[in-house]
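Contents: one structure, followed by commentary.
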Amino acid sequence: MELIYDVSLEVYISTEEAALLYRYISLHPDYKKHITIGHFAYNYKDFVNEEPLYLRLTKKVLNICAAVLEDQDFNIVEDIVPKKDLIDKFYEWSKIICDEEDLIEDYRTQYDYLKYHQIVKEDDYFSLAKYFRTKFHEIEYLRLQVESEPSIASKIKRYFGF
């Protein structure tokens, strides 16, 4: 059994950004269904224009948000700068999520390396908890090994009786 990690990011967007995003999603032919079902239903159903909007972003939600803003251009002058800024935010947040997923994949690769060298069992599945527990024990073992071996300077001092 392998655990699948779904990385998400919790963010707040301003009321102006939320209204802009809502307008673009509701007018997009492919993604407007996400307002009433799925990703945005609990947010936009109770959308109030006086509070910032809380979003839990996954890669799928980020792709929807970026797509609706990039695919459509209504030639509204007031929307140009806020739309560009919002797209930039979505790309920054997407980079954060991708970096986290890359880091988890690096940990998975290191765990496979530990399996290969039989530090952990071959049939043991990867989880972050197991990875960090194994790494902690490995570091602790190396630290104890270094502390138990006397340094050259301490051997010389002991030889001369210091």
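Measuring with a 1.4 angstrom probe and ignoring ligands and nucleic acids, THR36 comes out at about 110 Å² accessible. Accessible surface comparison of ASP123, ASP71, ASP106, probe 1.4 Å, protein chains only, largest first: the order is ASP123, ASP71, ASP106.
Residues ARG56, ARG23 ordered from highest to lowest accessible area at a 1.4 Å probe: ARG56, ARG23.
Note on VAL81: accessible area approximately 90 square angstrom, rounded to 10, probe 1.4 Å, nucleic acids and ligands left out.
Against the criterion of solvent-accessible heavy-atom surface with a 1.4 angstrom probe, ILE4, ILE96 sort, most first, into ILE4, ILE96. The figure for TYR125 is an accessible area of roughly 70 square angstrom, using a 1.4 Å probe on the protein chains alone. When the C-alpha to C-alpha distance is required to be over 26 Å, the pairs from LYS32/LYS59; LYS32/LYS60; LYS60/LYS121 that qualify are LYS60/LYS121.
The values are calculated or read from the model by the stated rules, or taken from the named source; none is laboratory data. Quick caveat, the model's predicted, so the values are computed rather than measured. Side chains included, ligands, DNA and RNA excluded: accessible areas come from the protein's heavy atoms. Shrake-Rupley method; radii C 1.70, N 1.55, O 1.52, S 1.80 Å.
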